[in-house]
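Enquirer: Quick one: structure below, then a few questions.
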Amino acid sequence: MARIDLVDLAHSYSGNDAPAESFALKPVTMTWRQGGAYALLGPSGCGKTTLLNLISGIVTPSRGKILFDGTDITPLSTQKRNIAQVFQFPVIYDTMTVGQNLAFPLQNRGVPKAEVEARVRQIADLLDLTFYLDRKATRLTADAKQKISLGRGLVRSDVAAVLFDEPLTVIDPELKWQLRSKLKALHRELDLTMIYVTHDQTEALTFADTVVVMHDGRVVQSGTPAELFDKPAHTFVGYFIGSPGMNIVPAVVSGREARIDGHIIGLHRNYGVLPAGAKIEIGVRPEFVNVAAPASGLLSATIERIDDLGRVRFARIRVGDAKFAARVPPGFSVPDNMVGLVFDPAHVHVYADSRLVEGVA
Amino acid sequence: MDKTINQKAWFLVLPVFAVVAFSAILPLMTVVNYSMQDTFGNNQFFWNGVGWFKELLDPSTDLGSRFLASLGRNLLFSAIILAIEVPLGIVVALSMPREGWTVAVCLVILALPLLIPWNVVGTIWQIFGRPDIGLLGYTLNSLGFDYNYVSNEFDAWATVIVMDVWHWTSLVALLCYAGLKSIPDAYYQAAQIDGASRWAVFKAIQLPKMNRVLLIAVLLRFMDSFMIYTEPFVVTGGGPGNSTTFVSIELVKIALGQFDLGKAAALSLVYNLIILIVCWVFYTVMTNAGVERPAKQGGA
């Protein structure tokens, strides 16, 4: 149990002298508070696993420091750090029973026998493994094996954090859902800091109370699921989270107005001074743009197709050259080719060079 | 069950059958034929039935005592070299680098003894161990050890065993190394996370994962050492006395030295049978060890 601080932490697999842009993890400074449920979200190759392996000590950072409760543990080996990690594919010790597998991390640390037994029982119980405790672990299914791996990660009560590296990849969708809720319940019950790496936004948003979004080796935003949805700090967060993702359209912004193709959209805030020379875009989630019958005051768009998701319909449209998605209000019958767009000004954000610009109210 | 009857298939099998007949069945039958007869040269043969086989398995006869004694030596030899080469091979494999240019260097060095023809290995050690001119023999004697593989049984055995270890440990090491290389990194990382000691990693991950290759290594080394001929023949010639006379050496002595074709044929058949049986046992054990029995799932 500890607060984890990363101080200017960066890593390159080709050494410290590699060009800054090639770093797998660009310098990051952030804090993981004790007891939090974090998700580390991002596409493959964005540096999530690198960050995780740096925290657990499997990889030694090129630069920067890692502090557990203020103590610098950067030079310590994985064994000496107080950390647990669960990997993408099940790792089980073939010759041992399920119970011995679960007890292994405790035995290696010289925990008294009675305590080991109690803790193994508790974890096996939480993961529905009690039935298998005396069974050889080799002959179980991939699901059960991964549960054992999860169990080995959770069995130590004193760890600074439990790290999960896409642990549900090998699990069937049905069971995946169950296990994820189980992990969330375990988090509440065991009061452990958990960091969960995934590239699946549903997984991240359902598991975590804080989602850390990574892109190209950088942490682009860290916040609650609602914050990520309502106010993406980076255009990447905008379109990576949400389905369909945020609409990002080049625009000319001055004061309380944004101009797209000569059409003016009102903004909720005042954007007086924007960085000179930056690429200015506006971003708005499809949920906050409605299609309507074409009218003179509305930005007009060409319909490409309608996606009916059951509860809600989204129109895939084109504004000039830009692709766009907008909500189709219930009961609205969509015309054949042209529609007008109605924006909700409170949810239109302005981005300069992909980063959110805070306007003045 | 309508089976298509196609007699043409026989013609397709025929060439293989012919080759096998000439290369294996006919020679084997010749040996079976010899084993039932006695000959005094001049291509004259006398029927002896199963007489040679009876003698072979009866320790009170000359043939039986020689066979059983050499068989005992063979088993002892195989046991000793397995007990040395398998653990040593594992240790060598464990201490080899996992990546980098040193891997290639280590592999080449390890492969070298395996590439040397057997009689050359014998010759190398025969000279190496000579007390008068051999580096090993001379050094040992200068250090005060009375080492002479020609006159001392223990020295002769030690030489043959060390020679075999030198020649074949590489094979075990290479097989184990291949087994070790196939273990995914995640296992080592998980073991680090779990705080496993070096010994625990070996016991819980490396040894179980090497299981299969180790069985292959044991099988290969057992078979090879059980059939050993060239090296001890070149180094000790089976001596001193009969102390390093293994079954194959005995066989050659009887067949070519005494020209007792009947006895030799009977002996080689029994020898062959032993090897086949051991082979079969190993094969069964190995295939059974590899079978993943379907997990019995219930509850939960």
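Enquirer: Which value in deg cm²/dmol, rounded to the nearest 500, describes the helix-derived mean residue ellipticity at 222 nm for chain A, given -39,500 (n - 2.57) per DSSP H run of n ≥ 4 and division by the residue count? Each step should come with its number before you reach the end.
Expert: Values: 8 runs with 83 residues, N = 361.
Calculated at 222 nm, the ellipticity per residue is -7000 deg cm²/dmol.
Enquirer: If you build the Cα gyration tensor of segment B:1-104 and take the root of 5 times each eigenvalue, what three semi-axes come out, in whole angstrom, biggest first?
Expert: Working: eigenvalues 349, 248, 39 Å².
Equivalent-ellipsoid dimensions as semi-axes: 42, 35, 14 Å.
Enquirer: For residue B:284, what accessible surface area do you get with a 1.4 Å probe? Give it in Å², rounded to 10.
Expert: 50 Å²
Enquirer: Moving on to the next point. In a Gaussian network model over chain A where Cα atoms closer than 10 Å are linked, find which of A:68, A:131, A:343 has the largest mean-square fluctuation.
Expert: The residue that fluctuates most here is A:131.
Enquirer: Just by accessible area at a 1.4 angstrom probe, what is the order of B:39, A:95 from largest to smallest? Don't skip to the answer; put the middle values down first.
Expert: Details: B:39 10, A:95 70 Å².
Descending accessible area places them as A:95, B:39.
Enquirer: Could you give the distance between the Cα centres of segment A:281-344 and segment B:103-118, to the whole Å?
Expert: Rounded to whole Å, the Cα centres lie 71 Å apart.
Enquirer: I would also like to ask the following. I need the shape label for segment A:247-357. Rule: rounded when a/c is under 1.5, else prolate if a/b > b/c, else oblate, with a, b, c from the alpha carbon gyration tensor.
Expert: Details: a/c = 2.08, a/b = 1.92, b/c = 1.08.
Prolate is the answer for segment A:247-357, as a/c is 1.5 or above and a/b outweighs b/c.
Enquirer: Return the single residue from A:164, A:324, A:104 with maximal mean-square fluctuation; model: Gaussian network over chain A, springs between Cα atoms under 10 Å.
Expert: A:104
Enquirer: OK, next. Once amide H atoms are placed 1.01 Å from N in the peptide plane, what residues at a sequence separation of 5 or more from residue A:211, or on another chain, have their amide H within under 5 Å of its amide H?
Expert: The answer is A:39, A:223, A:224.
Enquirer: Three principal axis extents, largest first, for the C-alpha atoms of chain A, in Å?
Expert: 78, 48, 34
Enquirer: Taking the Cα centre as origin and putting +1 on Lys and Arg beta-carbons and -1 on Asp and Glu beta-carbons, what dipole magnitude results for chain B, to the nearest 20 debye?
Expert: Details: 17 positive and 19 negative charges, 198 e Å.
Computed charge dipole of chain B: roughly 940 debye.
Enquirer: How far is the Cα center of segment A:42-57 from the Cα center of segment B:150-183, in Å?
Expert: So the two Cα centres are separated by 45 Å.
Enquirer: Select from B:46, B:128, B:77 the residue whose mean-square fluctuation is largest in a Gaussian network model of chain B (Cα-Cα springs shorter than 10 Å).
Expert: Most flexible of the set in this elastic network: B:46.
Enquirer: Turning to a different aspect of this structure: Taking each residue in B:192-205, count the Cβ atoms of any other chain within 10 Å of its Cβ, then average. What number comes out? Don't skip to the answer; put the middle values down first.
Expert: On the way: counts 9, 19, 17, 15, 6, 2, 0, 0, 4, 1, 0, 3, 9, 4.
What the average comes to for B:192-205 is 6.
Enquirer: Also, quick follow-up: Which order do A:32, B:168 take when ranked by solvent-accessible area (1.4 Å probe, heavy atoms of all protein chains), largest first? Walk me through the numbers on the way to the answer.
Expert: On the way: A:32 0, B:168 30 Å².
Largest accessible area first, the list is B:168, A:32.
Enquirer: Can you list which of the DSSP-assigned H helices in chain B have a Cα extent of 20 Å or more along the long axis and an average Kyte-Doolittle score of at least -1.0?
Expert: The answer, listed by residue number, is B:62-95, B:101-115, B:153-181, B:207-226, B:261-290.
Enquirer: To continue, here is another question. Going by alpha carbons, how many degrees (0 to 90, nearest 10) lie between the helix axis of A:113-126 and the longest principal axis of chain A?
Expert: Computed tilt is about 30 degrees.
Enquirer: Which value does Rg/Rh take for the protein assembly as shown over its C-alpha atoms, Rh per Kirkwood?
Expert: Numbers: Rg = 37.8 Å, Rh = 32.1 Å.
Using Cα coordinates only, the ratio equals 1.18.
Enquirer: Note the buried accessible area between A and B here, summed over both chains, with a 1.4 Å probe, in Å² to the nearest 100. Each step should come with its number before you reach the end.
Expert: Values: alone 16660 and 17890 Å², together 32330 Å².
Chains A and B together bury roughly 2200 Å² of accessible area.
Enquirer: About its Cα centre, what dipole magnitude does segment B:1-88 give when the only charges are +1 on Lys and Arg Cβ and -1 on Asp and Glu Cβ, stated in debye to the nearest 20?
Expert: Working: 5 positive and 6 negative charges, 52 e Å.
Dipole magnitude for segment B:1-88 comes out near 260 debye.
Enquirer: Still on this structure, please answer the following. Taking Cα atoms of chain B, Rg/Rh with Kirkwood Rh, to two decimals?
Expert: On the way: Rg = 24.8 Å, Rh = 23.1 Å.
That ratio is 1.07, to two decimals.
Enquirer: State, to one decimal in nm, how far the label point of residue A:44 lies from the label point of residue B:80, with both points 7 Å from Cα in the Cβ direction.
Expert: 5.7 nm
Enquirer: What average count of beta carbons from other chains do you get within 10 Å of the Cβ of residues in B:52-63?
Expert: 0
Enquirer: Using only the Cα atoms, what convex hull volume per residue in Å³ does segment A:19-80 have? Don't skip to the answer; put the middle values down first.
Expert: Values: hull volume 6.5 nm³, N = 62.
Given the Cα convex hull of segment A:19-80, per-residue volume reads 104 Å³.
Enquirer: Could I ask something else about it? Leaving ligands, DNA and RNA out of it, rank A:268, B:167 by accessible area with a 1.4 Å probe, largest first. Spell out each step's value before the answer.
Expert: Details: A:268 110, B:167 0 Å².
Correct descending sequence by accessible area is A:268, B:167.
The values are calculated or read from the model by the stated rules, or taken from the named source; none is laboratory data. Because the structure is predicted, anything quoted here is derived from the model rather than measured. Because the Cβ atoms are built from the backbone with ideal geometry, glycine has one as well, and the counts that use them run over all protein chains shown. Ligands, DNA and RNA are excluded from the accessible area calculation, which covers all protein heavy atoms including side chains. Shrake-Rupley method; radii C 1.70, N 1.55, O 1.52, S 1.80 Å.
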